[in-house]
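Here is the structure we will look at, set down as structure tokens.
Derivation of every value follows stated rules applied to the coordinates shown; laboratory data play no part. As the structure is a prediction and not an experimental result, all values here were calculated from the model. Using ideal geometry, Cβ is built from the backbone for each residue, glycine included, and neighbour counts are taken over all protein chains shown.
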Amino acid sequence: MEFPSNLKYTSEHEWVRVEDNIAFVGITDFAQSELGELVYVEVETVDETLAKDEIFGTVEAVKTTSDLYMPLSGKIIAFNPKLNEDEGDEPTLINESPYEDGWIIQIEMTNASELEGLMDAEAYQEEIKN
């Protein structure tokens, strides 16, 4: 299982990678392995500004559906077209490449200081052991 050190993590199993003022968000390798094969990703919040911890979408696996939570406040500016049912429709990219091709959304951050409240890779690994 991978835990890239250049990412930040939430207790809800989202990861964040920041490039300038844009945050890429996805679910962790641990989360995708717990869910199993993903069959659908729904994000209907593009162009909306949401607060940290609000639900921005869902991922659906064969036997369960799980909410996706905003790790940071901001405006959702993109939904990965490869995951979008109307475009690429490849939700299994999250299973195959959770930290690269399987990113879910991009956020234009409104409060970069919220990054300080997220876990680093080491803290996240400790979190999932409990």
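Quick notes on this structure:
- Distance in nm between pseudo-label sites at D101 and S33 (7 Å out along the Cβ direction from Cα): 2.0 nm
- For the stretch 53-63, 3J(HN,Hα) per residue [Karplus equation, 6.51 cos²θ - 1.76 cosθ + 1.60, θ = phi - 60°, Hz, x = Gly/Pro]: 6, 6, 6, 10, x, 9, 10, 10, 9, 4, 10
- When the charge dipole of the chain is built from unit charges on Cβ atoms (+1 for Lys and Arg, -1 for Asp and Glu) and taken about the Cα centre, the candidate among G102, V41, G26 whose Cα reaches farthest toward its positive end is G26.
- Interchain or long-range residues, amide H under 5 Å from L38's placed H: N95
- Burial ranking of peptide ranges 101-111, 14-24 (average Cβ count within 10 Å, highest at the top): 101-111, 14-24
- Mean-position separation - Cα centroids, the stretch 83-110 and the stretch 1-49, in angstrom: 8 Å
- Distances between placed amide hydrogens fall under 5 Å for L118 paired with no residue 5 or more residues away or on another chain.
- Local electrostatic count at D101 - Lys and Arg +1, Asp and Glu -1, tallied over other residues with Cβ under 11 Å: -2
- Rounded to whole Hz, the Karplus (6.51, -1.76, 1.60) HN-Hα couplings of the stretch 32-37, x for glycine and proline: 5, 5, 5, 6, x, 4
- The stretch 8-112: radius of gyration and largest Cα-Cα distance (Dmax), Å: 12.3, 37
- The stretch 57-130: trypsin sites (Lys or Arg not before Pro) in DSSP coil with no more than 11 other Cβ atoms inside 10 Å: K63
- Sparse-neighbour loop sites [GluC sites (Glu not before Pro); the stretch 20-82; at most 16 other C-beta within 10 Å; DSSP]: E37, E44, E48, E54
- Using only side-chain charges placed at the Cβ, +1 for Lys and Arg and -1 for Asp and Glu, the dipole size of the chain relative to its Cα centre rounds to 260 debye.
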